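The values are calculated or read from the model by the stated rules, or taken from the named source; none is laboratory data. What you see is a predicted model; the values in this text were computed from it and never measured. Note that we place each Cβ from the backbone using ideal geometry, even for glycine, and neighbour counts take in every protein chain shown. With ligands, DNA and RNA removed, areas are computed over all heavy atoms of the protein, side chains included. Shrake-Rupley method; radii C 1.70, N 1.55, O 1.52, S 1.80 Å.
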Amino acid sequence: MQVHPSQLVPGCIITKDIIGKTGRPIIPNRTVVSPIHIRVLEQFLVEEVEVADKLSDGTLFTPRSTDSEEENPVSNEPPVAELTPFYENYLEAVQSYKRWFKEWQHGDPVDLLALRKVMVPLLEEAVESGKDVFKLHHYSSSGEYLYHHNVAMGLISAYLAEKMGYKYGEWIQIGLAATLCDAGMSQIDPTIIWKEGSILESEYAEIKKHPLISFQYVESTPYLSKSVKLAILQHHERLDGSGYPIGLKADKIHPFSQIIAVSDIYHAMTCERIYRVKQSPYKALEEILQKQFGRYDHRVIQVMVKELTDYSTGTKVRLSNKQTAEVMFVDQSQPTRPMVRLEEGSIFQLKEQRHLHIEEVIG
């Protein structure tokens, strides 16, 4: 729908780039609106923006009333870009997860049948949707991060598992397990979960209990295999022994847990969180490749690299300086830094421009 900026509320999802006088996006498509975005739009005298009819938490968006509606009428023209059914279903699943999490906080058990009813069709959609699963961070916000994270982690894990050659039943189970990995966070003090600023060592010790609690939630259910139950318990274990809750090393860690672990860190790094600024998918991927070597299964990382950097010549990308460029050539030794051509014609290698990185694939 099309509304005046004064009618926006935090959590609105932009569905079309908002272009400034320079021809560059002031606010890009899929941005989750925060108060600072509304102030920016007012300062730039933007009269109309296109947003989804649902907020980032999955609830319906009701535009704010405004005294200036007669001066700035809402257009009745159909929107140029709406959320696809996949994203609509994703946001509904986030809303379901939020409800489940609150039930778990009150002591209710995990209802695997209810979770399967919501998640299995969505996991199937995720595998069919292609690389859209790597764009789910756009719909998250710091206040709703926990709920988005677990649904997105399930979808990304299932997608990667399918690309790695796992059979239907296996990647469905992996996706369900990833969705439940943080169920144990429901038993952690909410003041720790939603804390702004640095986490104390004692608080981190509490957080590190959540994989075991999550495992205990599903330990006796017949609807999950032993392998994925282990994956829930081990999703924060690292190959070099630096993980938790046990500190297992490579030969003791189930491969399923590593699929979830890579999905976990990718989505976490690309989302806005209470205490951390988000990174672009390609910046996050570079950091995973450079700094996390030896901690994660390289087979999982290589599949993610391939899926995110499988550009074809002519692919349009947005750079971190907000300029649009076209991919000309991909050096397989540094796939996140291809040769690109800017709209004004200049060509350069991103590997030689370390201050720049790809922010988004746009076409």
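A few comments on the model shown:
- 0 to 90° range, to nearest 10: angle between helix 145-163 axis and the chain longest Cα axis: 80 degrees
- Measuring nothing but protein heavy atoms, the accessible surface of the chain at 1.4 Å probe radius is 51 percent carbon and sulfur.
- For the listed residue pairs 16/131; 98/252; 209/278; 278/316; 16/208, the alpha carbons are over 28 angstrom apart in 98/252; 16/208.
- Note on residue 163: aspartates and glutamates with a C-alpha under 20 Å away, same-chain residues under 8 apart excluded, are 124, 125, 128, 132, 264, 297, 307, 310.
- Cα→Cβ-extended label distance, 7 Å offset, between residue 39 and residue 53, nm: 3.3 nm
- Within a Gaussian network of the chain (alpha carbon springs, distance under 10 Å), most fluctuating of 136, 146, 60: 60
- Length released on extending from residue 298 to residue 117, taking residue separation times 0.36 nm less the Cα-Cα span: 61.9 nm
- What you get for the chain, charging only the Cβ of Lys and Arg (+1) and of Asp and Glu (-1), is a dipole of about 1320 debye around the Cα centre.
- The label-point distance for residue 349 and residue 223, in a model that sets each label 7 Å from Cα toward Cβ, rounds to 5.3 nm.
- Rolling a 1.4 Å probe across the protein heavy atoms gives the chain an accessible surface of 47 Å² per residue.
- Gyration tensor verdict on segment 293-363 (Cα atoms; rounded if a/c is under 1.5, prolate if a/b is larger than b/c, oblate otherwise): prolate
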